[in-house]
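Written below as structure tokens is the structure these notes are about.
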Amino acid sequence: MRRRRVLRLDVVSERQQDSSVERLVRKSLITEDALGRPFSERIRQSRRTLENYLKAGGIPRWMERVIEVDSRIGQEQQRLATAYGALQHECDGDRALFARRWTAFAQATRYDELNELIRQHNEWYPIERDLPMNPRTGDYVQVRGRSFRRPELGPEWVLAQFPP
């Protein structure tokens with residue numbers, strides 16, 4: 001009996017030395033009594049859907065990346081449209097001069113950071129979204145009738161968007 005009291009005093013003295021964070025974590029740990037208990041009725045009947053995930057808070061990374069890629073591509077298109085119009089005004093109807101200067105502008109424009117983001121999207125999107133594969137093509141299925149891949153930006157993309 002004396003031995004039990006001594007052991008209990010040791011345990012109590014150790015717990016008194018714990019910080020408030022350690023005591024909080026200790027309370028939140030699952031005890032051995034809780035192991036093996038069935039899930040509650042509410043948890044079993046709730047569906048795991050994207051809508052529920054979004055309601056819970058926090059946007060999945062693949063969604064953040066898609067939004068960022070598409071918005072930045074849109075910003076580049078607007079920037080190019082402005083530069084295209086300004087260069088047309090500068091060239092004052094001289095088509096050959098405009099074509100040379102616009103092609104040089106397209107060649108000089110760099111999209112390294114955006115292209116890295118696009119590469120990450122193209123690589124990780126199907127995995128993060130858990131897209132099924134088409135057994136005939138060996139590629140991932142299309143999303144809403146189009147490929148999930150975004151083209152990398154470069155001179156060819158600029159000249160396709162705004163031909164000289």
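Taken together, the values in this text are just the output of simple stated rules run on the coordinates, not laboratory data. This is a predicted model, so every value here is computed, not measured. Here the Cβ positions follow ideal geometry from the backbone for every residue, glycine too, while neighbour counts run over all protein chains shown.
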Item to complete: Could you work out how far the C-alpha centroid of the stretch 133-161 sits from that of the stretch 105-121, in angstrom?
Response: 16 Å
Discussion item. Charges at C-beta only: +1 for Lys and Arg, -1 for Asp and Glu. How large is the resulting dipole of the stretch 59-161 about its Cα centre, in Debye rounded to 20?
Written reply: 280 debye
Item to complete: Would you kindly calculate the translational diffusion coefficient of the stretch 91-163, applying Stokes-Einstein with the Kirkwood radius from alpha carbon pairs, for 4 °C and a viscosity of 1.567 mPa s, and quote it in µm² s⁻¹ without decimals?
Response: 87 µm²/s
Discussion item. Net charge within 14 Å of R119 by Cβ-Cβ distance, Lys/Arg positive one each and Asp/Glu negative one each, not counting R119 itself?
Written reply: -2
Fill in: Positive dipole terminus of the stretch 59-161, leading residue within P126, S71, V143 (C-beta point charges)
V143
Worksheet, complete the sentence: For the stretch 59-161 the mean separation of alpha carbon contacts under 8 Å (6+ apart) over residue count, i.e. relative contact order in percent, is 34 percent
